[in-house]
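The values are calculated or read from the model by the stated rules, or taken from the named source; none is laboratory data. Keep in mind it's a predicted model, so treat the numbers as computed, not measured. In this analysis, Cβ positions are derived from the backbone assuming ideal geometry, glycine residues included, and neighbour counts consider all displayed protein chains. Just so you know, the surface numbers come from the protein's heavy atoms only, side chains and all, with ligands and any DNA or RNA stripped out. Shrake-Rupley method; radii C 1.70, N 1.55, O 1.52, S 1.80 Å.
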Amino acid sequence: MNRAGLGVIAALLAGTMGLIATAGLDDLPRNLRSTVAVAPASLSGDRAAFEKNRQAVERALQSDPDLFQNEAKSLRDRLEQDRIRLDNAAAALTVAQQSAKPNRRSDAEKVERALREFDTLRHEPVADSDSVKTRVEKAIYNKQHPFDQEAAIAPVRKAMVDWPEKKSDLNARLDAVNDPESAANLDALAAQLYISWDKLLLSVDRDREKIRLVETVNGTTTNVERTESRSFGVGRESEGLVIEHKPAGKYDSESERIPQPAGYAYIAPPGQSNHYGHWADGVWHWLPAYFLMSQMLHASRTAPQVSTRDYHSWYEHSPRTVPPPVMRGQAPRMPEAPRAWRSPGSQQSSSGWWKERPKPSWGERSFDSSKYKSRGSFGGSKYQSRGTFRSFPRGRR
């Protein structure tokens, strides 16, 4: 190659290098430079937060030396280690700044490594000082407000009486109660025993589902509709069914996740009765409590008529491994809730939507003429007496 050709190549290389320098193609990525630029302000904020926590801890330790006499030194040492880690974070930031100063793309990995170390070192001391501050403040509060364990767990003691089958479990959990927080957590668990609820699937849309939650607390039933993440294994074929049921006397974690017709969880097995109704002539005859539950679940004015063939069709084709629970008598309440209607003999309920009349005994045929007689139809249900699962109308409410 002659000299003229070499000169052309040299000129092209010089031009290319000039273009690269002018366009900044050899610079550090812009986001990396921005991160380095704002890092000092982040470190200043962390130092300020740490110092605020340290001062609060020191005031607490000095306010009650006797209370912290056995741990004051260890707490101060812990905060000193946090301060040292912040100094180490500042050193890591210096490395990042020096590495970024030449503004060369080839230094990007070195800058990123220093920034990762900086972030780790600066976050941990602040979080730890927060923890120390919370600990000493909690100790002072507990001293000023002595923990009355028996008063705190009174709801649990009551639940052990109201729900004997949960007595051993609740009693075992009492061993872990040693402060107001653990007592409140156990009280909340015991309160779940007094609540029954059903989750009715209204519709499914990709990974979301619209449900109606019907909840009975202290004798009062309410419902609310909402959209939430789709339940595992639930599809459009379950629309119109209760996809989750939690009876009174169980924890929320023990809810039953077997799709079932709305209201079936409150029906006693054929030949038995409960405070929701009774069986007569092969038909479930419901009482006001069941009627109200049916209204909430179906959003209709009538409760569906259910025959023993309907019930057996559902039970035989459901994935149950044990019979459904028999709901006997009135569930205990905490506390006693206002009655939804007046006692027998009154002419009008407090809610005004039905008039109570004397009820016949379970064996009297005159119940067939009572206004509590089952009405409506469950025909067309996938659980109807034909025993098939093909014709349940999608989206039934």
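Data for the structure
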item	result
Tally, over region 54-75, of residues that are assigned to a helix (DSSP H, G or I) and either free of Cβ contacts under 8 Å to residues at least 12 places away in the same chain or within 38 Å of the chain's Cα centre (by Cα) (or both)	13
Only listed residue being modelled with pLDDT under 95 and either under 16 Å from SER131 (Cα atoms) or surrounded by 13 or more Cβ atoms within 10 Å (Cβ to Cβ) (or both), chosen from LEU43, LEU25, LEU79	LEU43
First in region 228-251 and in contact (Cβ under 8 Å) with a residue 60 or more places away in the chain and on the phi > 0 side of the Ramachandran plot, second anywhere and of a type in the set (A, V, I, L, M, F, W, C) and in a loop (DSSP other than H, G, I, E, B), Cβ under 8 Å, 6 or more apart	GLY240/ALA262; GLY240/PHE392; GLY249/TRP163; GLY249/ALA331
Some residue of region 204-212 being in contact (Cβ under 8 Å) with a residue 24 or more places away in the chain, under 30 Å from LYS73 (Cα atoms) and open to solvent by less than 70 Å² (accessible area, probe 1.4 Å)	no
Any hit, region 119-126, residues being out of contact with any Asp or Glu (no Cβ under 9 Å at 6 or more places or on another chain), over 30 Å from ALA48 (Cα atoms) and without any contact (Cβ under 8 Å) to a residue 60 or more places away in the chain	no
Residue in region 231-241 that is at pLDDT 90 or above and surrounded by 14 or more Cβ atoms within 10 Å (Cβ to Cβ) present	no
Test: ASP66 is exposed (fewer than 14 other Cβ atoms within 10 Å of the Cβ), more than 20 Å from THR134 (Cβ to Cβ) and of a type in the set (D, E, K, R)	yes
One residue from LYS52, LYS110, LYS101 being open to solvent by 60 Å² or more (accessible area, probe 1.4 Å) and either touching a strand residue (DSSP E or B) at 6+ places or on another chain (Cβ under 6 Å) or closer than 23 Å to TYR141 by Cβ (or both)	LYS52
So LEU19, is it part of a helix (DSSP H, G or I), open to solvent by 70 Å² or more (accessible area, probe 1.4 Å) and at pLDDT below 90	yes
Of the criteria (1) among the aromatic types (Phe, Trp, Tyr); (2) open to solvent by less than 60 Å² (accessible area, probe 1.4 Å); (3) part of a loop (DSSP other than H, G, I, E, B), which one PHE147 fails	(2)
Count - residues of region 312-325 that are modelled with pLDDT of 70 or more, surrounded by fewer than 21 Cβ atoms within 10 Å (Cβ to Cβ), closer than 17 Å to LEU241 by Cβ and not hydroxyl-bearing (Ser, Thr, Tyr)	1
Residues of region 228-246 satisfying the condition of being aliphatic (A, V, I, L, M) and within 18 Å of the chain's Cα centre (by Cα)	ILE243
Matching residues, region 131-147, being under 12 Å from LEU79 (Cβ atoms) and out of contact with any helix residue (DSSP H, G or I) (no Cβ under 6 Å at 6 or more places or on another chain)	SER131, ARG135
Selection status of ARG122, modelled with pLDDT of 90 or more and in contact with a helix residue (DSSP H, G or I) (Cβ under 6 Å, 6 or more places away or on another chain)	yes
Filtered residues of region 217-230 (kept if over 16 Å from TRP197 (Cα atoms) and not basic (Lys, Arg))	THR227, GLU228, SER229
Failed item in (1) surrounded by 12 or more Cβ atoms within 10 Å (Cβ to Cβ); (2) more than 23 Å from GLU51 (Cα to Cα), with LEU86 passing the rest	(2)
Test for VAL136: is it open to solvent by 80 Å² or more (accessible area, probe 1.4 Å), in a helix (DSSP H, G or I), over 15 Å from ARG85 (Cα atoms) and aliphatic (A, V, I, L, M)	no
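Quick grid of which residues meet (1) surrounded by fewer than 18 Cβ atoms within 10 Å (Cβ to Cβ); (2) modelled with pLDDT of 85 or more:
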{"position": "GLN272", "(1), (2)": "yes, yes"}
{"position": "HIS285", "(1), (2)": "no, yes"}
{"position": "PRO288", "(1), (2)": "no, no"}
{"position": "LEU292", "(1), (2)": "no, no"}
{"position": "LEU297", "(1), (2)": "no, no"}
{"position": "ASP310", "(1), (2)": "no, no"}
